[in-house]
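Asks: Handing you this structure, nothing more for now.
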């Protein structure tokens with residue numbers, strides 16, 4: 001099954017070749033806390049932009065995470081990041097995509113089970 005979604009204005013749309021995860025992730029780092037996204041993680045090969053790449057990218061601190069957002073409507077869309085373990089460790093190679101599940105078509109992310117990552121203290 002595929003998941004589809006888009007930002008508010010539709011300039012950034014995507015497809016994920018996977019099912020909606022059993023739980024979403026809420027990160028408490030300073031950026032995620034302000035953005036309010038609930039993240040669904042997938043492998044990079046599962047994530048596909050279905051519109052021309054018209055997004056903008058914000059990187060901060062270590063610059064290892066690319067936080068993508070729509071430059072037209074401002075919606076946080078997805079992040080390309082190291083596949084950090086819950087304790088903050090990373091193997092130095094594996095990456096993952098964290099997609100803003102609030103943008104999924106026909107899905108209410110606010111009702112989904114959520115796990116919290118203590119990003120405020122991990123990175």
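Bear in mind that the values in this text are calculations on the coordinates, not laboratory data. Note that the structure is predicted; figures quoted are calculated from it, not measured. Ideal geometry is used to build each Cβ from the backbone, glycine not excepted, and the neighbour counts take in all protein chains shown.
Asks: Considering the chain as a Gaussian network with a 10 Å cut-off on Cα pairs, which listed residue, 65, 57, 93, attains the greatest mean-square fluctuation?
Replies: Looking only at 65, 57, 93, the largest GNM fluctuation is found for 93.
Asks: Which residues does a label at residue 28 reach in segment 87-123, if reach means a backbone N under 11 Å from a point 7 Å past the Cα toward the Cβ?
Replies: Of the residues in segment 87-123, 116-122 have backbone N under 11 Å from the label point off residue 28.
Asks: Let me ask another. Give me 11, 89 sorted ascending by neighbouring Cβ count inside 10 Å, so fewest comes first. Working shown, then result.
Replies: On the way: 11 17, 89 10.
With the sparsest Cβ surroundings first, the list reads 89, 11.
Asks: Relative contact order, percent, of the chain when contacts are C-alpha pairs under 8 Å separated by at least 6 residues?
Replies: Contact order relative to length: 32 percent.
Asks: Take the alpha carbon gyration tensor of segment 2-44, find the square roots of its eigenvalues, order them as a ≥ b ≥ c, and report rounded if a/c is under 1.5; if not, report prolate when a/b exceeds b/c, else oblate.
Replies: Note, shape of segment 2-44 comes out oblate.
Asks: If a paramagnetic tag sat 7 Å from the Cα of residue 106 along the Cα-Cβ line, which residues of segment 3-41 would have the backbone N under 14 Å from that point?
Replies: Counting only backbone N, you get 3-5, 20.
Asks: Restricting to segment 3-122, what percent of DSSP beta bridges are antiparallel, rounded to 5?
Replies: On the way: 25 of 29 bridges.
Roughly 85 percent of the beta bridges in segment 3-122 run antiparallel, per DSSP.
Asks: Further question on the same structure: Mind checking the alpha-carbon convex hull of segment 52-123 and giving the volume per residue in Å³?
Replies: On the way: hull volume 9.2 nm³, N = 72.
Given the Cα convex hull of segment 52-123, per-residue volume reads 128 Å³.
Asks: Okay, next question. Please quote Rg/Rh for the chain to two decimal places, taking the Kirkwood radius as Rh and restricting both calculations to Cα atoms.
Replies: My calculation puts Rg/Rh at 0.93.
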